[in-house]
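Here is the structure we will look at.
The values are calculated or read from the model by the stated rules, or taken from the named source; none is laboratory data. Please read these numbers as outputs of a predicted model, since none were measured by experiment. Here the Cβ positions follow ideal geometry from the backbone for every residue, glycine too, while neighbour counts run over all protein chains shown.
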């Protein structure tokens, strides 16, 4: 029972700790987080590694989606610019009075 609960809670805790280590502004919080990280890694190194792999996999998926979205927008912007130049060239060169 405790093992099942640990497998459910561990990923959430690990993700929060890794985020704190990367982004938190407070040196004290980072030091405390690093100490807790060491303790959790010693408690269950395999589960901790699995959690890190899952975090890295999700971040990779997000990065790939961002790259794809940027490429799509670049193509849309290029098509719009090309269409804009085409529309400017088609303007009549005469004046109606």
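Restricting 81, 34 to residues that are modelled with pLDDT under 90 and either in a helix (DSSP H, G or I) or surrounded by 10 or more Cβ atoms within 10 Å (Cβ to Cβ) (or both) narrows the list to 81.
Scanning the range 1-31 for residues that are in a helix (DSSP H, G or I), surrounded by fewer than 13 Cβ atoms within 10 Å (Cβ to Cβ) and within 23 Å of the chain's Cα centre (by Cα) returns 8, 9, 12, 16, 19, 22, 23, 29. Within the range 1-32, the set of residues being under 19 Å from residue 53 (Cα atoms) and in contact with a helix residue (DSSP H, G or I) (Cβ under 8 Å, 6 or more places away or on another chain) comprises 6, 7, 10, 11, 13, 14, 15, 17, 18, 20, 21.
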